[in-house]
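Only one structure is covered here, and it is reproduced in the block below.
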């Protein structure tokens, strides 16, 4: 029951946040002086054609109305124009790219597997490596392992992922010829090729964030290991493995999960950079193309979609948090 | 920006700057004794000197970052000669396709980095401290709204938003200024959060309670009582925010939505190097190395400062 109340409270908060973010984003982008109708109007662009294009795309309306139409599109889909030329955009419609003649939702869904493959794999890898390295460093405090892990972590924090990625391509791709240097193969087509293309991006993206998590975990672990209940656990004769792995780790993971929730946004950003380094056709590549073409509906759609995604993921992290720390659900 | 370290509130300073001055000297000794922090400080100093003296250094090399030198290139556009065209004339070699001097580009790139990095940091600090301090001090609905905004902004996929915004911002707005503004908008929340939580702790302290009892006004309390006690936190955060801002600018330039050409920027050079990794790796190594070492220097200095201010975290690196 408590958990249910927690979930409904968080759900409500999430919806409010989504509305506020979409409103701000939409306002910022629409109020800026750029005119998608002008761009798609072609040459020569007569005033009548321009007005037609505006009306067709819905840009002749006041922006508040445009925003409502946009929200309506997400819920129920929307139709641009009328008659034979009308274009229907099915729900959930995040807008329609008149440049690519496709719904933004469809364009995003096409690219999502690439970005998700990068992001999820990297996140799993970095949590695993980071927490493990942090725990080992804390338990073996002051030893060579600890020093090595922390030196590596300082270097990792300072190295931009794209730099490490390019050096990785140079070393493992071109020089050692171990992995492909770029591109993406869908999981459904060729699982082995998929894995092979993703190994280097995962490692690059994960190692750098793992450095941050190793430090965080180490610091928390050192703090927790000094607590009374750990002394009690040891005093009652539990094995060190169990003391660290069960009693301490659970409390260490709470701040780690918090930071992870905050990092989801940068994970998506990291995936965008990784896509560029490894020439992978993901969401980031789509966004950069949209930016290059000044495809406003697509730009807005991707931005809002990413914001929605992050907020949804944060909601899930909050729930995990509730499971890890029973005090939260109270 | 995710390295949330919990800084203990600094020791209360007694009125009259004496304690603080001694504190500063003590701090200096601690920094000098920490060899990594000292190395970081040296690196930061070198970086600042290079950025400031960029035109002089280029004059010394007899180069500038804008002049094309097609003679230094082979027919394919790749630099002629060893290591991307390293020679007495071109110390770091030349840029592929254009033959511009890479030394001049890297040295001038330091200027771009520090201008955007320091500008965005200053703006973030100003905003973060002002909001965090007032939210922590006044509390109430204002605090709740601020906390909510911070939570949302911290989780926001800011890189995507910045990419999108950079594309459609009016061209009349200078790009570096836009970058500083946008980076500051997404940079202040993490600072505000720390300042807020420290303010909450400080508010309970006797010297603040006593000031309130003596009838001190809000402004006096904020600026004269609370702010001096937040100095340590602010200095540490400034030092670790600068490299993350430099990194953010470089990432945007890398993606082609940061500082526009022909202004030299490390990130853009690294982005240009993607297609040349195999044929001309030195084109990646020089700007990449500069970015890495500048970031590392700031991070080492920041870690050292944090250790010096907060003995609890000491021993993390040595």
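The values are calculated or read from the model by the stated rules, or taken from the named source; none is laboratory data. Because the structure is predicted, anything quoted here is derived from the model rather than measured. Positions of Cβ are generated from backbone atoms using ideal geometry, with glycine treated the same way; all protein chains shown enter the neighbour counts.
Below is a table of values for the structure above.
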{"item": "Test: residue in the stretch B:139-160 that is assigned to a loop (DSSP other than H, G, I, E, B), within 29 Å of the chain's Cα centre (by Cα), within 14 Å of chain A (Cβ to nearest Cβ) and without any contact (Cβ under 8 Å) to a residue 24 or more places away in the chain", "result": "yes"}
{"item": "Some residue of the stretch A:188-200 being at the interface with chain B (Cβ under 10 Å from one of its Cβ atoms) and in a loop (DSSP other than H, G, I, E, B)", "result": "no"}
{"item": "When residues of the stretch A:249-308 are limited to those that are more than 7 Å from chain B (Cβ to nearest Cβ) and not in a helix (DSSP H, G or I), the one nearest to residue A:57 (Cα to Cα)", "result": "A:295"}
{"item": "From A:290, A:285, residue being surrounded by fewer than 23 Cβ atoms within 10 Å (Cβ to Cβ), over 13 Å from the mean Cα position of the chain (by Cα), under 17 Å from residue A:109 (Cβ atoms) and in contact (Cβ under 8 Å) with a residue 24 or more places away in the chain", "result": "A:285"}
{"item": "Hits in the stretch B:235-271 - residues which are under 13 Å from the mean Cα position of the chain (by Cα), surrounded by fewer than 24 Cβ atoms within 10 Å (Cβ to Cβ) and more than 14 Å from chain A (Cβ to nearest Cβ)", "result": "B:235, B:236, B:238"}
{"item": "Pairs, first within 14 Å of residue A:139 (Cα to Cα) and not assigned by TED's automatic domain parsing to the domain that holds residue A:140 in the stretch A:231-250, second in a helix (DSSP H, G or I) and at pLDDT 80 or above, C-beta under 6 Å, six or more apart", "result": "none"}
{"item": "Test for residue B:291: is it part of a helix (DSSP H, G or I), within 11 Å of another protein chain (Cβ to nearest Cβ), at pLDDT 85 or above and buried (at least 24 other Cβ atoms within 10 Å of the Cβ)", "result": "yes"}
{"item": "Among residues of the stretch A:25-49, those that are at pLDDT 75 or above and either surrounded by 13 or more Cβ atoms within 10 Å (Cβ to Cβ) or in contact with a strand residue (DSSP E or B) (Cβ under 6 Å, 6 or more places away or on another chain) (or both), counted", "result": "5"}
{"item": "Failed condition for residue A:22, given (1) at pLDDT below 75; (2) crowded, with 18+ Cβ neighbours inside 10 Å; (3) under 29 Å from residue B:185 (Cβ atoms)", "result": "(1)"}
{"item": "Restricting the stretch B:70-79 to residues that are modelled with pLDDT under 75 and in contact with a strand residue (DSSP E or B) (Cβ under 9 Å, 6 or more places away or on another chain), the residue that is surrounded by the fewest Cβ atoms within 10 Å (Cβ to Cβ)", "result": "B:73"}
{"item": "One residue from A:258, A:274 being modelled with pLDDT of 85 or more and surrounded by 15 or more Cβ atoms within 10 Å (Cβ to Cβ)", "result": "A:274"}
{"item": "Candidates A:134, A:73 - the one that is at pLDDT below 90, under 28 Å from residue A:310 (Cα atoms) and not assigned by TED's automatic domain parsing to the domain that holds residue A:294", "result": "A:73"}
{"item": "Residue in the stretch A:212-220 that is crowded, with 20+ Cβ neighbours inside 10 Å, at the interface with another protein chain (Cβ under 8 Å from one of its Cβ atoms), touching a residue at least 60 places away in the same chain (Cβ under 8 Å) and within 23 Å of residue B:271 (Cα to Cα) present", "result": "no"}
{"item": "Residue within the stretch B:64-72 that is part of a helix (DSSP H, G or I) and within 14 Å of chain A (Cβ to nearest Cβ) present", "result": "no"}
{"item": "Residue B:99 at pLDDT below 75 and either in contact with a strand residue (DSSP E or B) (Cβ under 6 Å, 6 or more places away or on another chain) or closer than 30 Å to residue B:237 by Cα (or both)", "result": "yes"}
{"item": "Which numbered condition residue B:27 fails, given (1) more than 14 Å from every other protein chain (Cβ to nearest Cβ); (2) at pLDDT 80 or above; (3) over 30 Å from residue A:263 (Cα atoms)", "result": "(2)"}
{"item": "Residue count for the stretch A:135-172, restricted to those that are within 25 Å of residue B:287 (Cα to Cα), in contact with a helix residue (DSSP H, G or I) (Cβ under 8 Å, 6 or more places away or on another chain) and more than 8 Å from chain B (Cβ to nearest Cβ)", "result": "8"}
{"item": "Test result for residue B:182, assigned to a helix (DSSP H, G or I), within 17 Å of the chain's Cα centre (by Cα) and closer than 26 Å to residue B:262 by Cβ", "result": "yes"}
{"item": "Candidate set from the stretch B:168-179 (those that are within 14 Å of chain A (Cβ to nearest Cβ) and part of a helix (DSSP H, G or I)); member that is surrounded by the fewest Cβ atoms within 10 Å (Cβ to Cβ)", "result": "B:178"}
{"item": "Any hit, the stretch A:101-115, residues being farther than 30 Å from residue A:87 by Cβ and in the same structural domain as residue A:295 (by TED's automatic domain parsing)", "result": "no"}
{"item": "Among (1) under 30 Å from residue A:270 (Cβ atoms); (2) outside the structural domain of residue A:212 (by TED's automatic domain parsing) - the single one residue A:65 does not satisfy", "result": "(1)"}
{"item": "Residue list for the stretch A:153-180, restricted to those being at pLDDT 80 or above and part of a loop (DSSP other than H, G, I, E, B)", "result": "A:159, A:160, A:176"}
